[in-house]
Amino acid sequence: MTGKEGVAGKEGVASEAGKVGLAGRARAVRGFVGRIWLAVLLLALWEAAARAAGDLYFPPPTEIASTARELWWSGPASRLFLSDKALDDFGPSLTHLLAGWAIAAAVGIAAGVAIGLSRVLFELLDPVLQLGRAIPPPTLIPFFLVVFGLGTEMQVATIVFGAVWPVLLNTVEGVRGVEPLYLDTARAFGFGRATRILRVVLPAAAPRTAAGLRVALGFALILMVIAELMGAGGGIGAHLNDAERGFLPTELWAGIALLGLIGYLLNGVFLLVERRLIGHHRERQD
Amino acid sequence: MLEIKGLGHRYADGHRALTGIDLGVERGELVCLVGPSGCGKSTLLRCVAGLLRPTEGTVTLDGNTVDRVPDGLAVVFQDYTRSLFPWLTVRDNVALVLRRRGLGRRERRAAAEEALAAVGLADAVRKYPWQLSGGMQQRAAIARALAYRPSLLLMDEPFGSVDAQTREDLEDLLLTVRGGEGGMTILLVTHDIDESVYVGDRVVVLTGAPGTVHTELRVDLPAPRDQIATREHPAFVALRAEVGRAVRRP
Amino acid sequence: MLEIKGLGHRYADGHRALTGIDLGVERGELVCLVGPSGCGKSTLLRCVAGLLRPTEGTVTLDGNTVDRVPDGLAVVFQDYTRSLFPWLTVRDNVALVLRRRGLGRRERRAAAEEALAAVGLADAVRKYPWQLSGGMQQRAAIARALAYRPSLLLMDEPFGSVDAQTREDLEDLLLTVRGGEGGMTILLVTHDIDESVYVGDRVVVLTGAPGTVHTELRVDLPAPRDQIATREHPAFVALRAEVGRAVRRP
Amino acid sequence: MVADRARRVLLGGAGVLLVLGVMEAASRTGVVDAASVPPATEILSGAVEMAADGEFGGHLGATVAAWLSGVLLAVVLAVPAGLLLGSVPVLDRAALIVVELLRPIPSVALIPLAILVFVEPGRVERSLVCYACLWPILLNTLYGLREVEPVAKETLRSFGFGPLGVLLRVSLPSAAPLVLTGVRIALAVGLVVAVSAELRAGGESGLGIYLLATQSGGGRPDLMLAGALWAGVLGLLANGLLVAAERRIFRWRAVR
Amino acid sequence: GGEGGGDGEGAKGGKGLEKRTLTVGTMPVADTAPFELARSKGLFAKEGLTVRTQTLSGGAESISRLKAGALDVSFGNYVSFMLADTNKAIDVRIVADAFQSAPGTHALLVKQDSPIKSLADLKGKRIGVNTKRNISALLVKAAAKEAGVALDDDKAFAEVDMPNMGTALKSGSVDAVQAVEPFVTQITASGTGRVLRDLGAEPTKDFPIAGYGTTAEFAEKHPKTVAAFQRALAAAQAMAEDRSLVEQTLPSYTKITAPVAKEISLGTYPTEVSEERLRRVADLMTEFGYVKGEVDVPGLLIRGG
Ligand SMILES: Nc1ncnc2c1ncn2[C@@H]1O[C@H](COP(=O)(O)OP(=O)(O)OP(=O)(O)O)[C@@H](O)[C@H]1O
Ligand SMILES: Nc1ncnc2c1ncn2[C@@H]1O[C@H](COP(=O)(O)OP(=O)(O)OP(=O)(O)O)[C@@H](O)[C@H]1O
Ligand SMILES: [Mg+2]
Ligand SMILES: [Mg+2]
């Protein structure tokens, strides 16, 4: 979006610049179309199918969108049109989500590196971790209730509990898969343990860790909802609950679509940052 | 300075790569290792570097047994492409190892650029390793090792991927650098017999399966070596022929 | 057979590696490419192999423009360690490419073992590439290419990591193989000037930044070449000096 | 090899005992409320009590069936999809939005819709498991493909192999470890989703259904946690099997 | 379609039934004791019905399952049924009444040593309920309103699963909980909490809690099957007046042990659906804004035979 505006802004400064601007715009448009045609096609099919079926439980996307607008984007312009309900639903949810993900990332990477580097630690902890990550969070509610009580801590804990695994596991994989010669090189030049980890192991494992972080971001969103579904409190999870129990399928769909959208945006930001940080790794294929 | 005694190595899969190697290297000496492909030269270097724990014998450096990587060591690996970090530019690859030298960020960069210029990579400092040709990558690895100013330098076929001219330049660069203060001890693996005689103070010929020392030859050639004069020196020709025979005779 | 016209390549980062290359190679010819490190030899080979789309000019093979990998091609990459598949044994690395030759499983294995034996790796067929020394890996890559019996063979410094004796053996092996039925066309990049004259029918000298053809020299040496006789031949000595001068003069 | 395995089992067992010990101590000393978070021994005895119950086996079996078939379905769908997207950039670009919109949707939020579409409780559960498992496998496949050594791909291309040959013989084997990591994540997620779906939506039989029933006579945190333990054990077993398979398939990696 | 011309009532051996196998959604709670009784005593079989069950975990998905056709008939609380009907999720028909509150079956509890002495003290406190905007919240709100306290669903209530009520109360996560039997007995007997207010007393004395519902479509297509189900269940509901029979049945399908079964308060099991009683639920729902507009109570009933 901003790219398009930027190109348009440059236009007309000079004829040469204008040509470049036009070419750039054409490329931007082509790129944009290349990215969204499938989504648009699927939406159109869905719209047509839903209209043909006319089932209350499977409303067409346009109806879902208008419900969503009513629910969350009917507020004043000064608040980016966010309604009161939107602030209630998104604010705490997203805070929990990001806090949980950040903690999961830190814990997952630290533990992943430690476990990936040490065979003893790996063998000591592997069964515990495998056991731990297969435990369904709902069965731990009594435990969470006692330790964290209902509320923010419990929700964040649930998110951390679920989102840490992909980071941890991928980091362990990444660390164990580091090209041995990188490590030899680092050792040969007398890098200390810390430097070796920070300057060689982490960057070498970065692509895999990033894959884990990305999966974890999706998980964090999912667990945010689960935490809200099973614990008290508002948020998008509670909205879904209300919509389901109140038999308001369109609102349910709106909530689901909203989750998709939030996940999409988070992922977009993540990819931008990732490209910034570790993109040059693989520009190699031409 | 470096003392190798009864060294042998058997890999985890049971393959016996080296056996009964005895070798001493004095401070400031440049010893060339030659020998057939697969005879254990790289394995020997790894043992000396403390990267591989030998299954027999010992390596001692200044009287201390090498059981981990010793201080002041630099290595140019045979598989140089994999020893450059793809996430760093060429300059940062060099600058990174200089952290251990206690230099500031700027000084590190300057030193890195200087070393890269010395191997003819002044224009490539900001590129990533995978944007370089094979020979350029190899030179980057050499620059990294030289910039580090190690007291012990291990080089595993460091000039294998560059053209004849560059090779000679690099040989001379190596000779210049080792002449500097501190006195660098160098172990250099090469397949080029002329090169081994030209740069070496001593040439050690290994034979394979499992690797053992076959011959040691002292190179007594006039001190400031010169690509043309030295190579025309009768002693050079004689030595070169001798090494050649040693390598060829199994 | 192979016709290169006005070939140039500029990499995605803007670096101009090659420009205005014109070169023709006849069926069954063995052309050696020499030139300074980074002058674009590997880039040229990649363009010929159809792995890289040149940004200028064309490559035609038997009259067809090369816009994808042509049939009957084999390549020995300069970065041979990365071109062997670590999840396959050495034998399976060779046997894999023979699938395209329509051989049965047993035949493939037999052919692979034969080719590996020819490069002196008979004992290593069941090992994984990372269990081999550098020179052995390089020989495995050579065996793979030879076993494939390509009509066009591209070799990027194929003998850079082996000792002098092995190198000579491999040179002779290459000369033997190309003499077989079908007539193999070969483009070989090397830094060893002697080698280029010894194995080549023609030596093409490139100069760099960006790479262009500097000189072409026809090698007219008696047909069955011999490591001792040929290298002592006066024409060999003269040619070798000429190539050396061409490479050195920028 | 044998010594290796013994060492793994011993160390792993020590790790588990350590954690159990900490839990036991925490409850016994009153750091946490023992009635709500019973000591490890009680949870263990709860787990044994469950195993002794004749009905339990059937319920556990139902969960395992839905779980494994769901994960399997996800593998069958996601790996080829990943290979396709990873090798056809045009599709990859277009699919990114769709994938990224669908991926964050929690399976539990889809329960009411899944019930309507798939009707039969076992199929509902399987579809939810599959949905949740698709994404980690797909993403890991895509990331794995990105990491493939370009020279290795070029090598096979230069020997005349077509895109499919390169995909199957180079890209797939070198991405395989990361794909399997995805499957391992998916296995854990799938189990979580299966049991959670049962707990939330009920059904005919399953571990979750069984756990619901155990709570009907009053809150029994020990049994709930015993159920959690059983789920954990299933996860551990599945992971163990996969790792063993991995070790065989990727011997070349293990030794290095 | 019907096989042969079944004649009126008493379709012995299932002759004339449109469908002989019924899939019924149920829960392991005291409310469904007569249903289990009917199964164990062969009352359904006598009517020619084979009954299969699916366990439900809550009210909402029973509606989805009914709509999807995974269930033919489902147990469920009246608030859920009425919400589903009013919001046109499905056209609900109540097949039979299941359970009606009695003193002690539903209660509001606080911690043993809680400073909360009366409903009036609940202002600004958090109350754990099984489900917001549902039957449990309704009971609490009705009682609180009488005491002059208006509770807001979002602010006053926190959702806690019934089995975790004791833990939630003890850990101080909530100030009060709404519980049903056997949890009420468990919480009081363990000394965790005390009853602040019996919700089985006025204003929700003898309050209709749950029933068996189906879709209008199913009811219309299978009148004889529905009637057979109703007959069998009515017989069982009647038998359940004998408390000892219920006490015997409870341990067979729940984890309520025989001694606990003797202790707990039991509600009553009405034998037929009454429009008048259902209206009490509908009126409260309207009063507290749980539905927009009116609940069509007569429309929920199955008319004629
Ligand atoms: N990781 C390994 N596992 C098992 N065997 C190995 C391993 N590395 C090397 N070897 C074997 O040890 C022997 C010596 O290998 P090494 O790399 O030391 O040879 P080299 O003298 O350096 O040869 P080149 O000149 O070809 O590099 C070879 O036979 C090789 O197959
Ligand atoms: N992927 C790439 N991206 C950008 N520049 C590249 C890339 N690959 C090579 N180059 C540049 O192109 C030039 C030619 O590279 P090439 O690999 O063809 O050289 P070469 O003749 O094979 O050298 P050498 O003998 O050292 O292998 C070099 O300057 C190199 O830096
Ligand atoms: Mg070597
Ligand atoms: Mg090259």
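Data for the structure
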| quantity | calculated |
| --- | --- |
| Shielded by partner chains, the stretch B:148-185 residues - at least 10 Å² of accessible area, 1.4 Å probe, vs chain alone | B:Y148, B:E157, B:G160, B:S161, B:V162, B:D163, B:A164, B:Q165, B:E168 |
| Where a label projected 7 Å from the Cα of D:R248 along Cα→Cβ would reach, residues of the stretch D:145-189 with amide N under 17 Å | D:177, D:180 |
| The protein assembly as shown - charge dipole about Cα centre, Lys and Arg +1 at Cβ, Asp and Glu -1, debye rounded to 20 | 1160 |
| Whole-number accessible area per residue in Å² for chain D, which is evaluated in the context of all protein chains at 1.4 Å | 38 |
| Karplus-derived 3J(HN,Hα), 6.51/-1.76/1.60, for each residue of the stretch B:113-126, Hz, glycine and proline x | 5, 5, 5, 5, 4, 4, 9, x, 10, 4, 7, 10, 4, 8 |
| Given charges at beta-carbon only (K, R positive; D, E negative), |dipole| of chain E in Debye | 520 |
| Neighbouring partner chain Cβ atoms per residue of A:204-216, average, 10 Å criterion | 5 |
| Shape metrics for chain B, restricted to C-alpha atoms - Rg then Dmax, Å | 17.8, 52 |
| Carbon/sulfur fraction of accessible area - the protein assembly as shown, other protein chains in place, 1.4 Å, % | 57 |
| Nearest-first distances (nm) between copies at B:T60, label 7 Å from Cα via Cβ | 7.3 |
| FRET efficiency for C:L103 and E:R52, using Cβ-Cβ distance with R0 set to 60 Å, rounded to 0.05 | 0.50 |
| Per-pair calculated FRET efficiency, R0 = 51 Å: A:W37 and E:D283 via Cβ, rounded to 0.05 | 0.40 |
| Rotational relation B to C, axis-closest Cβ in chain B, residue and distance rounded to whole Å | B:G160, 2 |
| Charge dipole of the protein assembly as shown about the Cα centre (unit charges at C-beta), most positive-ward option of C:L173, A:L121, A:A39 | C:L173 |
| Phi to ³J(HN,Hα) by Karplus 6.51 cos²θ - 1.76 cosθ + 1.60 over the stretch A:259-275, Hz, x for Gly, Pro | 4, x, 5, 4, x, 4, 5, 4, 4, x, 4, 4, 5, 4, 5, 4, 4 |
| 5 angstrom amide H check on C:L206, placed H, neighbours 5+ away | C:V34, C:G35, C:H214 |
| Reciprocal mean inverse distance between Cα atoms of the protein assembly as shown - Kirkwood radius, Å | 36.0 |
| Karplus-derived HN-Hα couplings along the stretch D:205-213 (A = 6.51, B = -1.76, C = 1.60, θ = phi - 60°), whole Hz, x at Gly and Pro | 8, x, 4, x, 4, 4, 5, 4, 5 |
| Other-chain or far-sequence residues with amide H under 5 Å of C:V76's (modelled H) | C:L154, C:M155, C:D156 |
| Pairwise label distance in nanometres, D:L91 with C:K5, each label 7 Å out on the Cα-Cβ vector | 3.7 |
| Interface burial for D against E (accessible surface, 1.4 Å probe, total of both chains, Å², rounded to 100) | 2000 |
| Which of C:H15, E:P270, E:P223, positive extreme of dipole for the protein assembly as shown (C-beta unit charges) | C:H15 |
| Accessible area buried, both sides summed, chains E and A with 1.4 Å probe, Å² | 1700 |
| Accessible surface, chain A, averaged per residue in Å² (probe 1.4 Å) | 43 |
| Trypsin sites (Lys or Arg not before Pro) restricted to the stretch E:204-305 and DSSP loop, no more than 14 other C-beta within 10 Å | E:K205, E:K292, E:R303 |
| Reciprocal mean inverse distance between Cα atoms of chain A - Kirkwood radius, Å | 22.3 |
| Interface size B-C, as summed buried accessible area [1.4 Å probe, Å², nearest 100] | 2200 |
| Where Rh is the Kirkwood radius over Cα pairs, Rg/Rh for the stretch C:83-149 | 0.92 |
| Spatial separation of Cα centroids for the stretch E:154-174 and the stretch B:133-150, in angstrom | 67 |
| Average accessible area per residue (Å²) across the stretch C:1-158 - probe 1.4 Å, nucleic acids and ligands excluded | 37 |
| Accessible-area order (highest first, 1.4 angstrom probe) of the listed residues B:S42, E:S62, E:S40 | E:S40, B:S42, E:S62 |
| Spatial separation of Cα centroids for the stretch C:172-238 and the stretch E:35-92, in angstrom | 88 |
| Positive-end extreme of charge dipole, the protein assembly as shown - chosen from A:A194, A:M224, A:G149 (charges on Cβ) | A:A194 |
| Cα centroid of the stretch E:237-277 to Cα centroid of the stretch D:49-95, whole Å | 42 |
| Ellipsoid semi-axes in whole angstrom, largest first, where each is sqrt(5λ) of the Cα gyration tensor of the stretch C:1-88 | 20, 18, 14 |
| Computed P(r) (all Cα pairs; the stretch D:56-249; 5 Å bins; percent) | 1, 8, 14, 17, 16, 14, 11, 8, 5, 3, 2, 1, 0, 0 |
| Of the GluC sites (Glu not before Pro) in the stretch E:177-243, those whose Cβ has at most 14 other Cβ within 10 Å and which sit in DSSP loop | E:E241 |
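The values are calculated or read from the model by the stated rules, or taken from the named source; none is laboratory data. Here the structure is a predicted model, which is why all the values come from computation and not from measurement. Positions of Cβ are backbone-derived with ideal geometry, glycine not excepted, and every protein chain shown enters the neighbour counts. For accessibility, only protein heavy atoms count, side chains too; no ligands or nucleic acids. Shrake-Rupley method; radii C 1.70, N 1.55, O 1.52, S 1.80 Å.
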